[in-house]
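Values in this text are rule-based calculations from the coordinates and carry no lab data. On a predicted model such as this, the values are computed, not experimentally measured, just so you know. In this analysis, Cβ positions are derived from the backbone assuming ideal geometry, glycine residues included, and neighbour counts consider all displayed protein chains.
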Ligand code: CA
């Protein structure tokens with residue numbers, strides 16, 4: 001069959017990443033957002049701006065502004081807020097260039113906002129196709145944009161990288177970063193430097209190989225690509241990674257090759273280091289999770305769960321450090337990488353600091369990749385017996401290799417990690433590194449006896465979200481086990497020890513020259529607050545309620561001599577783990593700004609969610625049990641474990657469609673709401689599966705209705 005020219009062009013573009021220009025020719029770069037390499041390199045000299053995702057090129061999330069201090073913070077009040085047009089998960093860090101804030105929202109939409117008034121100057125909607133939502137664990141979130149050379153770059157959830165004119169929000173070029181038929185998505189922010197835009201992708205729970213691409217900022221042409229895990233032995237990709245994969249990575253993979261195995265996705269942290277002209281990438285877990293299913297139970301599986309340094313111009317390998325060799329616990333190494341010059345053991349070192357999920361704080365030498373030091377930043381770690389000082393590698397704990405042992409294992413930390421993607425900060429003023437951390441956090445892994453890849457499902461080789469394996473008696477909790485202890489942690493990276501801990505669970509942090517650390521929090525799942533602490537002691541000095549949880553980035557900027565604190569608000573995509581009984585009505589996400597003597601009033605908290613729907617039908621116990629199993633493996637990652645949703649995505653117990661078998665089926669099986677991301681699940685459900693799920697959810701709705709009635713009666 002002859003291939004139509006248009007299709008051929010599309011296929012070539014997928015292979016090479018060539019750019020598609022919009023009908024109107026690219027205009028001259030806008031006068032707005034004139035950010036270049038020289039300006040980025042001296043970002044610290046203009047603290048009124050927040051030019052890069054991590055504030056500066058060292059990604060320190062440190063603001064040099066010092067107007068707001070512990071002495072005057074009582075006067076810190078809302079300056080303005082801007083409603084987004086979506087209720088979905090919000091995780092973005094905004095950028096500010098010359099008084100204009102650029103922020104992304106769920107569904108990869110972009111806003112340019114007047115930093116003084118909060119007025120939207122332009123908005124761009126890439127119109128992401130709804131069904132893509134099913135290609136990620138944790139909703140259609142976006143962690144931010146990049147600004148460079150008069151353009152705003154956004155990577156869309158469906159894999160496009162789009163350059164917008166910073167002055168108008170109109171697309172200048174668009175390119176596809178992956179095959180739309182693949183099970184990948186993009187939630188991360190692009191980064192820029194050396195004339196290039198760097199972007200990775202998510203998909204570590206859905207099969208396939210992770211990679212980072214570098215595109216020319218002016219044209220969108222693919223400059224190079226680095227795959228983080230090897231493909232078929234003996235074959236090359238024609239990519240920058242070819243040599244490193246064949247020489248270093250391929251020998252660490254065993255078992256039969258198949259085209260779904262891989263992982264190592266670069267879904268969060270990417271740092272361009274102009275000092276060494278190199279790019280650091282932080283990679284995620286291997287796919288499937290269990291090494292027995294992806295590598296015959298052997299091997300380190302490079303470059304999963306690693307930090308890899310690449311030459312910025314060519315993408316060729318420079319060095320790597322693997323933090324969790326042969327990972328089976330979902331210990332993504334994607335946390336923010338922060339660069340700093342530190343004096344360690346009397347020696348001046350160029351350091352990359354990293355706090356991945358596996359619970360260790362790493363100092364790596366940026367020039368060589370040498371491990372300078374590693375210490376646990378949380379208590380309770382049991383996946384390793386410690387780090388071998390000679391080899392720099394973790395010592396395997398055979399008891400933690402639950403896939404080889406073929407029995408359940410309670411790992412510490414659990415899959416949420418000691419810390420995951422949530423932004424971290426380093427203050428050159430205090431010399432401390434600030435992060436949200438949790439001691440003694442655990443997760444139970446239940447290995448499946450066999451693995452079958454099903455494209456479209458997040459099957460990972462375990463009974464995910466289940467409390468016990470089929471046929472196993474659920475273990476009773478150990479009353480003597482230490483309780484998980486979440487806190488804001490200030491870590492002394494030079495001496496590798498805690499400086500202080502302030503209890504509480506929270507999100508992104510920001511350190512300022514005013515001697516403060518700001519952190520976003522959630523309150524009853526979807527409401528929240530912004531809080532400030534003394535950077536040297538951790539003493540809380542200020543808090544202000546925000547209508548939404550604050551999962552996204554917190555930054556600072558200044559206009560006309562006034563310092564602002566800006567937070568992207570809205571619960572994060574992984575919030576199903578944070579559901580509380582007090583379910584609230586759904587609400588839009590917001591951008592919220594504070595300044596001294598601000599006079600704005602923030603919108604009110606959302607009211608309690610509506611009643612649970614009581615369905616007067618009965619189903620067999622077997623039907624309900626089938627429904628529960630299907631729910632856990634198909635529905636829970638969006639609608640909440642055990643149907644307890646914080647209402648970022650709808651709480652199904654409160655869905656009126658629960659009462660109608662036909663409407664329910666049209667949504668669950670036929671995709672009536674696929675524009676919202678609720679795909680047609682027919683292909684992934686057995687006959688009668690949708691009805692079994694309805695039976696299970698209706699039972700849970702009844703329990704919720706009774707709980708609400710009892711609460712009113714009290
Ligand atoms: Ca993961």
If R₀ is 30 angstrom, what is the calculated FRET efficiency for the pair residue 673 and residue 468, using the beta carbon separation as r and rounding to 0.05? 0.40
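Calculated FRET efficiency, residue 478 and residue 275, Cβ-Cβ r, R0 51 Å, to nearest 0.05?
Values: r = 49 Å, r/R0 = 0.95.
The formula returns an efficiency of 0.55 here.
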How big is the equivalent ellipsoid of the stretch 524-568 along its three axes, where each semi-axis is √(5λ) from the Cα gyration tensor, reported in whole Å from largest to smallest? 20, 17, 9
Here the percent of antiparallel bridges among DSSP beta bridges lying wholly in the chain, to the nearest 5, is 95
By average C-beta atoms within 10 angstrom, highest first, the peptides 699-711, 385-397: 699-711, 385-397
Once you compute Rg and the Kirkwood Rh from C-alpha atoms, what is the Rg to Rh ratio for the stretch 247-377? 0.99
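Looking at the calculated P(r) for the stretch 411-522, what percent of the C-alpha pair distances fall above 20 Å? Before the final figure, lay out each step's value.
Working: 3465 of 6216 pairs.
Within the stretch 411-522, distances greater than 20 Å cover 56 percent of Cα pairs.
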Relative to 2.2 N^0.38 Å, what does the C-alpha radius of gyration of the chain come to as a ratio? Two decimals please. 0.91
State the extension gain, in nm to one decimal, for the chain segment bounded by residue 258 and residue 179, taking 0.36 nm per residue of separation less the distance between their alpha-carbons. 26.6 nm
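Please work out the FRET efficiency for the pair residue 600 and residue 621, using the Cβ-Cβ distance as r and a Förster radius of 60 Å; give the result to the nearest 0.05.
Numbers: r = 54 Å, r/R0 = 0.90.
Working from the Cβ atoms, E equals 0.65.
Pop out the Kirkwood hydrodynamic radius of the stretch 483-548 from its pairwise C-alpha distances, inverse of mean 1/r, in Å to one decimal. List each step's numbers first, then the result.
Numbers: mean 1/r = 0.0800 Å⁻¹.
About 12.5 Å for the stretch 483-548.
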Separation in nanometres of the label points that stand 7 Å from Cα toward Cβ, at residue 86 and residue 495: 4.5
Evaluate Rg over Rh across the stretch 531-679, taking Cα atoms for both radii and Kirkwood's formula for Rh. 1.10
With label points built 7 Å along Cα→Cβ from the Cα atoms of residue 348 and residue 296, find their separation and express it in nm. 5.0
Given q = 0.12 Å⁻¹, what are the Debye log10 I(q)/I(0) values for the stretch 147-270, with equal point scatterers placed on the Cα positions and solvent ignored? -0.46
Restricting things to Cα coordinates, could you compute the convex hull volume per residue of the stretch 338-397 in Å³? 89
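Given the convex hull over the Cα atoms of the stretch 301-421, what projected area results after averaging over all orientations, in nm²? Intermediate values should be presented prior to the final figure.
Working: hull surface 32.4 nm².
The number I arrive at for the stretch 301-421 is 8.1 nm².
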All alpha-carbon distances of the stretch 621-713, grouped into 5 Å bins from 0, give the whole-percent distribution 3, 14, 24, 29, 18, 7, 4, 2, 0
As a test of understanding, state the convex hull volume per residue of the stretch 380-426 from its alpha carbons, in Å³. 114
Strictly greater than 18 Å: what percent of every Cα pair in the stretch 372-454 meets that? 58
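What share of Cα pairs, in percent, lie more than 11 angstrom apart in the stretch 164-206? Don't jump to the answer; show the numbers that get you there.
Numbers: 675 of 903 pairs.
The answer is 75 percent, as a whole percent.
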